[in-house]
Each structure stands twice: as C-alpha cells, then as structure tokens.
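These notes are about the structure you will find just below.
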Amino acid sequence: QVEFVESGGGLVQSGGSLRLSCAASGRFSFVSMGWYRQAPGKLRESVAVISRAGNTKYADSVKGRFTISRDSTKNTVYLQMNSLKFDDTAVYYCYVREILSGIEYWGQGTQVTVSS
C-alpha cells in the first residue's frame with residue numbers, strides 16, 4: 001500500500017510558474033519517481049522522471065521549462081514549472097516505480113490550469 005500527498009496545483013496565467021510536490025509513504029523500495037499528466041481528450045503523457053541516482057528525463061514539450069527534483073530522505077518529488085503555457089493544462093499525477101518489479105503506484109492527481 002502506497003499513499004501520496006500531492007499539492008501545488010492551481011490556476012495560473014500563461015507565462016507564470018507553479019511548483020508541485022508529492023510525498024509518498026508506504027512499502028516500496030528502490031524507486032524512481034516522476035510525473036505524468038493527462039488533459040481532456042488526450043493521451044497520458046510522461047512529463048518528467050528522476051532516478052534514485054538523480055538522473056532526469058523530460059518530455060520534449062517541457063524541456064527547459066520544467067525541473068524535477070527529489071528528496072529521497074522524505075520520499076518526496078517536486079516539479080517546478082516555469083513559463084507555463086495553455087497546453088500545459090492537465091491533471092498531473094505523481095508516481096513511484098519500483099525499479100526491480102516495474103510496478104507503478106500513482107497519486108490522486110492535482111489539477112493545473114493555465115489561462116491564456
């Protein structure tokens with residue numbers, strides 16, 4: 001059982017910034033952490049992921065604007081989102097992925113709305 005506490009979503013004007021945070025607790029080990037997003041009528045998109053070693057990977061659509069980081073001591077992952085665009089509007093889900101099994105556990109999601 002894995003529980004998540006997500007925060008930081010909201011409404012922001014185009015060009016603005018938001019910082020999402022997600023704290024995970026429960027029984028898991030050796031995880032990478034990251035964020036997906038899904039907008040109405042669109043497929044789920046992997047936004048960013050960070051490994052235990054701190055290696056990061058981003059979707060092309062957010063490179064240079066978003067930064068993922070983590071505090072492994074707190075099992076918390078962050079997503080700093082700058083220069084937000086209308087197309088960034090979506091529900092953002094954090095997740096942890098067990099490296100050995102590949103099993104993913106998702107948070108409940110937080111809405112990000114960017115007004116044009």
(message) Can you classify the stretch 1-59 as rounded, prolate or oblate using the Cα gyration tensor, where a ≥ b ≥ c are the square roots of its eigenvalues, rounded means a/c under 1.5, and otherwise it's prolate if a/b beats b/c and oblate if not?
(response) prolate
(request) Pull out a ≥ b ≥ c, the square roots of the eigenvalues of the alpha-carbon gyration tensor of the stretch 29-69, then state rounded if a/c is under 1.5, prolate if not and a/b is larger than b/c, and oblate in the remaining case. (result) oblate
(request) Can you work out the accessible area per residue across the chain, with the rest of the protein chains kept in place, probe 1.4 Å, in square angstrom? (result) 55
(request) Provide the net charge surrounding residue 87, with neighbours chosen by a C-beta distance below 12 Å and charges set as Lys +1, Arg +1, Asp -1, Glu -1. (result) +2
(request) Could you tell me, in Å, what Rg and Dmax come out for the Cα atoms of the stretch 61-116? (result) 13.2, 42
(message) Sequence gap at least 6, Cα distance under 8 Å: using those rules, report the relative contact order of the stretch 24-116 to the nearest whole percent.
(response) 30
(request) Could you go through the stretch 61-72 in sequence order and give the Karplus-derived ³J(HN,Hα) for each residue, using 6.51 cos²θ - 1.76 cosθ + 1.60 with θ = phi - 60°, rounded to whole Hz, and x for Gly and Pro? (result) 5, 10, 4, x, 10, 10, 9, 9, 8, 8, 10, 5
(request) For residue 85, list the lysines whose Cα falls under 29 Å from its own Cα; do not include residues on the same chain fewer than 8 positions away. (result) 42, 57, 63
(request) Could you work out the local net charge near residue 72, counting Lys and Arg as +1, Asp and Glu as -1, over the other residues with Cβ closer than 15 Å to its Cβ? (result) +2
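The values are calculated or read from the model by the stated rules, or taken from the named source; none is laboratory data. From a predicted model like this one, the values you see are computed outputs, not experimental measurements. Quick reminder, even Gly has a Cβ in these numbers, built from the backbone with ideal geometry, and neighbours come from all protein chains shown. With ligands, DNA and RNA removed, areas are computed over all heavy atoms of the protein, side chains included. Shrake-Rupley method; radii C 1.70, N 1.55, O 1.52, S 1.80 Å.
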